[in-house]
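Would you mind keeping the following structure in view while I ask a few things?
The values are calculated or read from the model by the stated rules, or taken from the named source; none is laboratory data. Please read all numbers here as calculations on a predicted model, not as lab measurements. Heads up, the Cβs are rebuilt from the backbone with ideal geometry, glycines too, and the neighbour counts pull from every protein chain shown.
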Ligand SMILES: [Zn+2]
């Protein structure tokens, strides 16, 4: 599935792989002034390619190496010969993509190996100039793309939701909080998130997310000092684990979020 929404000069490409007629965990890429930001997952790469043939695309960038953001790289590179740049930390991972857990292969598909260029500090199009802002935490290589004159922040997976309830097992919440505080200083007006879509009043949304995470961390620390184990703290603050943890074998869970917050 690929759904297209126009937000002025920015086009959102909302994609999900469909299995037995059900759209699985969707993700968005964005197109602006000939620049494609992220390429979706391998499972939706053919639809992405078909759409790309309808628009002028001069360059492609990735926010980070995850398969739902860089998974279309291979097909776009082979079919259209597009130049692709990714954060320096993502380049070696994309060149030798690790084999994914079963649920990730099912939901998104396994990316092949792709050689891409390392991103510089800025990305220029005819009309805009984007700063690549390192924002580690969700993954170590993660960057956001900020256009200062427009106040746009293409935030990859930094934001996702103001009140997240699940976390991947490998995320660093201390780094995420630092990255959120850093982008807050840029006072962005509009957020283009890979999962939440376009978020107006970006600064307020980021501020709310930081406050929520800080409050949750504080509550978790209080319960930890009372001697409760992390699973019990998670159950009390976020409720019992559900399908998400079961399907992903615990790779994506509420307990991961609490465990990561306790390290902050
Ligand atoms: Zn990600």
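Could you list all residues from the stretch 139-165 that are under 25 Å from residue 200 (Cβ atoms), within 14 Å of the ligand (Cβ to nearest atom) and assigned to a loop (DSSP other than H, G, I, E, B)?
Residues satisfying the conditions are 142, 157, 158, 159, 160, 161, 164.
While we're looking at this one, here's another question. What single numbered condition from (1) loosely packed, with under 13 Cβ neighbours inside 10 Å; (2) modelled with pLDDT of 95 or more; (3) touching a strand residue (DSSP E or B) at 6+ places or on another chain (Cβ under 9 Å) fails to hold for residue 8?
The single condition residue 8 does not satisfy is (3).
If residue 147 satisfies every condition in (1) more than 27 Å from residue 260 (Cα to Cα); (2) in contact (Cβ under 8 Å) with a residue 60 or more places away in the chain but one, which is the exception?
Failed condition: (2).
Next question. Cβ contacts < 6 Å: first residue in a strand (DSSP E or B), restricted to the stretch 57-80; second residue more than 16 Å from the ligand (Cβ to nearest atom), any location; separation 6+ or different chain. Result?
59/35; 59/83; 60/36; 60/82; 60/84; 61/85; 61/123
Something else about it: I'm trying to understand the selection: among the residues of the stretch 115-138, which are away from the ligand (no atom under 16 Å from the Cβ) and out of contact with any strand residue (DSSP E or B) (no Cβ under 8 Å at 6 or more places or on another chain)?
115, 126, 127
Among the residues of the stretch 43-65, write down those that are more than 16 Å from the ligand (Cβ to nearest atom) and touching a helix residue (DSSP H, G or I) at 6+ places or on another chain (Cβ under 9 Å).
Answer for the stretch 43-65, where residues must be more than 16 Å from the ligand (Cβ to nearest atom) and touching a helix residue (DSSP H, G or I) at 6+ places or on another chain (Cβ under 9 Å): 45, 46, 48, 49, 52, 53, 57, 60.
If you don't mind, another one. One residue is enough: does the stretch 81-99 have a residue meeting the conditions more than 30 Å from residue 247 (Cα to Cα) and touching a helix residue (DSSP H, G or I) at 6+ places or on another chain (Cβ under 6 Å)?
Yes, some residue in the stretch 81-99 is more than 30 Å from residue 247 (Cα to Cα) and touching a helix residue (DSSP H, G or I) at 6+ places or on another chain (Cβ under 6 Å).
Further question: Please go through the stretch 211-241 and pick out each residue that is surrounded by fewer than 16 Cβ atoms within 10 Å (Cβ to Cβ) and within 22 Å of the chain's Cα centre (by Cα).
Those that are surrounded by fewer than 16 Cβ atoms within 10 Å (Cβ to Cβ) and within 22 Å of the chain's Cα centre (by Cα): 211, 212, 214.
Which condition number does residue 68 fail, the rest of (1) more than 15 Å from the ligand (Cβ to nearest atom); (2) at pLDDT below 95; (3) touching a strand residue (DSSP E or B) at 6+ places or on another chain (Cβ under 6 Å) being met?
Every condition holds for residue 68 apart from (1).
Among the residues of the stretch 180-197 satisfying the criterion of being part of a helix (DSSP H, G or I) and in contact with a strand residue (DSSP E or B) (Cβ under 8 Å, 6 or more places away or on another chain), which is surrounded by the most Cβ atoms within 10 Å (Cβ to Cβ)?
183
Since residue 132 meets every condition but one in (1) assigned to a strand (DSSP E or B); (2) under 14 Å from residue 190 (Cα atoms), which condition does it not meet?
(2)
Just need a number here: residues in the stretch 87-105 that are touching a strand residue (DSSP E or B) at 6+ places or on another chain (Cβ under 7 Å) and not in a loop (DSSP other than H, G, I, E, B).
Result for the stretch 87-105: 2.
Further, regarding this structure: Quick one: residue 40 ticks every box in (1) away from the ligand (no atom under 13 Å from the Cβ); (2) assigned to a loop (DSSP other than H, G, I, E, B); (3) crowded, with 20+ Cβ neighbours inside 10 Å except a single one, so which number is it?
(1)
Go through the stretch 176-196 residue by residue and tally those that are out of contact with any helix residue (DSSP H, G or I) (no Cβ under 8 Å at 6 or more places or on another chain), away from the ligand (no atom under 14 Å from the Cβ) and touching a residue at least 12 places away in the same chain (Cβ under 8 Å).
Going through the stretch 176-196 one residue at a time, the tally reaches 4.
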